[in-house]
Amino acid sequence: MALEFEQPILELEARIRELREYAEEKDVDLSDEIGLLQQKLERLQKETFANLSRWQRVQLARAPGRPTTLDIVENVFEDFIELHGDRAFADDPAVVAGLARFRGSSVVVVGHQKGKTTKENIHRNFGMPHPEGYRKAMRMMDLADRFGFPFVSLIDTPGAYPGVSAEERGQAWVIAQSIQRMGRLKVPAVAVILGEGGSGGALAIGVGNRVLIMENAWYSVISPESCAAILWRDAAQAEAAAEALKLTAHDLRELGVVDRIVPEPGGGAHRHPERAMQALAEALAEELEALEPLGPEELVEDRYRRFRRMGAVRIE
Amino acid sequence: MALDRLFRRRRTRGGGRDVPELWLKCPACEAQIYKKDLEANLMVCPECGHHFRLGVEERVRLLLDEGTFEVTTGRVQPEDPLRFEDTEPYRERLARYREKTGRPDAIYGGTGAVEGVPTLLLAMDYAFAGGSMGSVVGEEIARGAEQAAAEGRALVIVAASGGARMQEAALSLMQMAKTTMALDRLWERRLPYVSILTDPTTGGVTASFAALADVILAEPGALIGFAGPRVIKQTIRQDLPEGFQRSEFLLQHGMLDQVVPRERLRSTLAQVLRLLHPEGAKTRGA
Ligand SMILES: [Zn+2]
C-alpha cells in the first residue's frame, strides 16, 4: 500500500525493475537507459522528500513497514527477552517491554507496539495502551533503577486508549504516575519517537534525559484529526490542523521539545527499515554514552532542568 | 465575571415586570433560583445540591483565611510560539479571554493560610479558554510548587480544565511533565500537596499534576477523566453508563480520597493540611 505522493517514485522504480529484467532476459545492454532513470529516480525522491507537507509526514509516520518496537528489540538490541504483565490486572499487548543487551551492556526497553496486519492490530489495540500497559512500563522503570541499567523507551501510539474500561481503571492516574516515575529514574533514560507521538499516552514514557525523534515521526498534544474535529469542527481539516500544530521532527527540534532527529533513508523508514534502524542504533549509542558520566542525582536533576524550561512565556 | 453566562434566563414576576439576570435555572433540578440565594449558598443549588462552577476569586475567598491572601500569579504572560490559527488566531483568542476574565491566562492564586497552615493556593479558571493548560498554566504551577517548597507551604491546586491547550501543541504537552516533576520539590521537603478536582477536570490536567496529590478531593458531580465523554462514545459506539466519569464514580473506582460538598470543603481541606503539614499543629489558630 503506497501513499499518494509516493506513487510517481514507485512507478519509476517499477520501470527500472522491468528494464533490468528485460535486459537480463534478452541479454541486451540497457545500462545507459537504466542509469538515466536511476538519476531521475534519485532526483524525484529527493525533491518529494525535501518538500513534504506536515500532513504528508503524518502519513509517513503511520506507514506500515516502519520499524516497530519489536523490530528494534530484535535488530538494534541483542539477547532480548520480553517481560509481560502489570502484576495487577493484565498484560497489555499495546506495550512491549523487556531486557536486552545494547553494545555489550544490559538495558531495559519499553515501547508501544502496533500491529502489521489488521488481526495483529486488533490484538495490539492499534498501539493504544490501557492502564495496564503503563503499569507494566513503570515496573520496568523499577527494574532499571534496581539494577542500574539504562532505560530506553520507544514511542509509537496514536494515544492512550479512550474507553470505558480504561477510564474505570484510572487511565489519567497511570499516565501521571508513569510521567512521575520516569522523571525520577536514577539511570540514563533515552526516549525515541518512532512514528506517532500521540499526547499523554506518548509522554507517559517520554520523560527522557534525551528525546530523539525519527525524521518522519510526529509528536503533539492531539492528533491532527481530533484537533480539526474540535477547533474546525470538521475532521476533514486534518491537513490544516497538522500545519497549525507544527508537529514534525524539524518543528519540534526548533521548539526544543526534541534533542535530536534520527535521519531516515531516502524514501522513508518504511521502505528501508534496516537502514533506519542502523541510524537509530548509532544515535542511541552516542546519547547513552554522553549520559554515562552523570550520577544518579545528576540524571534526575538533568531531566528536571530539561522539562522545566519547556514552554513559551513572557515574564512581566 | 464567569457568572454572567449563567444568567441567560429571564423571568417575569408580578405585574409582568421583566427582571433580568436576577434568577437562573438549575440545570439539574430545573428550579428557579434567586441569584443572591445561590451566591449566599456558595453557588450550590439550595433545592438539589447541584454545584455550579465557582469563580477563581470566590474559590480563593472560600478556602483561605480572611486577610491572608497575597496574589502571586499574573506576571507570567502567554506567547503564541506556533503562531497558531484555526478559525481564529490564537493571539485574538487570548486577548478575548483576557478581556473577559481580566487575567492573562487560566490560573489565579497566591499565598495565604488555611486555618493557619501556610499554603500556596492555585485555582484554574474554566472561564479562560476552558481552563486549558498551556505554557503559562504550567509555568505558574511549577513556580507555585517551587515557591511552596522554598517557603515551607502546603500546595493546594483547584483543577477545572478541559485539558491541554491545543494552540500550544507540543509545548502544552510538555507542561504535563514540567508540572509533574516540579511537585517533587515538595516531596523532598515533606510538604503536603492537596488536589481539589472540580467540574470539569479532564485530559492532560487529570493525567499530570491533578492526579498526583497526597490527598485528592473532588466536588460532587464533577466530570473527571482522561478522555472526554464524547470521544469515548465515538470510540466504543455505545451509550455511557449512568454517572460515568462523575466524582462519585471515581470514588467508587478508587481514584479519589473523598467527595466533599462545597460547604465542607474548607474544613476538610484544613483538617488534611493540619494533619499533613509539619507545622500544622503548631500554627493552628495562629
Ligand atoms: Zn438544583
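No lab work stands behind these numbers, since they all come straight from the coordinates. The model shown is predicted, which means the values in this text are computed figures rather than measured ones. Neighbour counts run over all protein chains shown; Cβ positions are idealised from the backbone, glycine included.
Quick one: what are the phi-derived ³J(HN,Hα) couplings along the range A:136-153, Karplus 6.51/-1.76/1.60 with θ = phi - 60°, whole Hz, x for glycine and proline?
Going residue by residue, I get 4, 4, 5, 4, 5, 5, 4, 4, 4, 5, 4, 9, x, 8, x, 10, 10, 10 Hz, with x marking Gly and Pro.
Using alpha carbon centroids, what distance separates the range A:250-271 and the range A:1-53, in Å?
25
Amide H of B:GLY204: which non-local residues (sequence gap of 5 or more, or other chain) have their own amide H closer than 5 Å, using H built in the peptide plane?
Residues meeting the amide H criterion: B:ALA164.
In Å and whole numbers, how far do the C-alpha atoms of chain B stretch along each principal axis, longest first?
Projected onto the principal axes, the Cα atoms of chain B cover 63, 48, 40 Å.
Can you work out the Karplus-derived ³J(HN,Hα) for every residue in the range B:89-103? Use 6.51 cos²θ - 1.76 cosθ + 1.60 with θ = phi - 60°, whole Hz, and x for glycine or proline.
Calculated HN-Hα couplings, in order: x, 4, 4, 6, 4, 4, 5, 5, 5, 5, 4, 5, 9, x, 10 Hz.
As an exercise, identify the trypsin sites (Lys or Arg not before Pro) in the range A:52-142 lying in DSSP coil whose Cβ has no more than 15 other Cβ atoms within 10 Å.
Sparse-neighbourhood loop trypsin sites (Lys or Arg not before Pro): A:ARG87, A:ARG103, A:LYS116.
What does the charge add up to near B:GLN175, with Lys and Arg as +1, Asp and Glu as -1, over the other residues with Cβ less than 11 Å from its Cβ?
Working: positive: A:ARG308, B:ARG165, B:LYS178; negative: B:GLU139, B:GLU140, B:GLU168.
Net charge around B:GLN175: 0.
What would the Debye formula give as log10 I(q)/I(0) at q = 0.18 Å⁻¹ for the alpha-carbon point model of the range A:38-156, no solvent?
Once normalised to I(0) and log-transformed, intensities are -0.93.
Quick query: amide H of B:THR72 versus all other amide H atoms, modeled in the peptide plane; which residues come in under 5 Å with a sequence gap of 5 or more or a different chain?
Excluding prolines and chain starts, which carry no amide H, the hits are B:GLY109, B:GLY110, B:THR111.
Just the Kirkwood number for the range B:71-142, please: inverse of mean 1/r across all distinct Cα pairs, in Å, one decimal.
Working: mean 1/r = 0.0768 Å⁻¹.
One over the average 1/r among Cα pairs gives 13.0 Å for the range B:71-142.
Which of A:ILE179, A:ILE230, A:ILE81 ends up with the largest GNM mean-square fluctuation for chain A, with Cα atoms connected below 10 Å?
Of A:ILE179, A:ILE230, A:ILE81, the Gaussian network model singles out A:ILE230 as fluctuating most.
Highest mean first, what order results for B:82-92, A:68-78 on Cβ atoms within 10 Å?
A:68-78, B:82-92
Over the Cα atoms of the protein assembly as shown, compute the convex hull volume and normalise it per residue, giving Å³.
Per residue, the Cα convex hull of the protein assembly as shown comes to 175 Å³.
At 10 °C and 1.306 mPa s, grab the translational diffusion coefficient of the range A:57-308 from Stokes-Einstein with a Kirkwood Rh over Cα pairs, rounded to a whole number in µm² per second.
After rounding, the answer is 89 µm²/s.
Taking K and R as +1 and D and E as -1, what net charge do the other residues with C-beta under 14 Å from the C-beta of A:LEU294 add up to?
-2
What residues qualify as long-range amide H neighbours of A:ARG271, i.e. H under 5 Å apart, gap of 5 or more or another chain, H built at 1.01 Å from N?
Counting only residues 5 or more places away or on other chains, the set is empty.
Based only on Cα atoms, what mean projected area does the convex hull of the range A:4-51 have, in nm²?
3.1
GNM on chain A, C-alpha springs below 10 Å: top fluctuator among A:VAL58, A:VAL221, A:VAL164?
A:VAL164
Share of antiparallel DSSP beta bridges in chain B, in percent to the nearest 5?
Bridges in chain B that DSSP calls antiparallel: roughly 50 percent.
Using only Cα atoms, locate the centre of the range B:97-156 and the centre of the range A:74-111, then give the distance between them in Å, rounded to an integer.
The two parts, judged by their Cα centres, are 40 Å apart.
Quick one: of A:LYS40/A:LYS116; A:LYS116/A:LYS246; B:LYS35/B:LYS100; A:LYS186/A:LYS246, which pairs are farther than 22 Å apart, Cα to Cα?
The pairs that break the limit, which is 22 Å between Cα atoms, are A:LYS40/A:LYS116; A:LYS116/A:LYS246; A:LYS186/A:LYS246.
If you take every DSSP beta bridge fully contained in the protein assembly as shown, what fraction is antiparallel? Give it as a percent rounded to 5.
Here the share of antiparallel DSSP bridges comes out near 45 percent.
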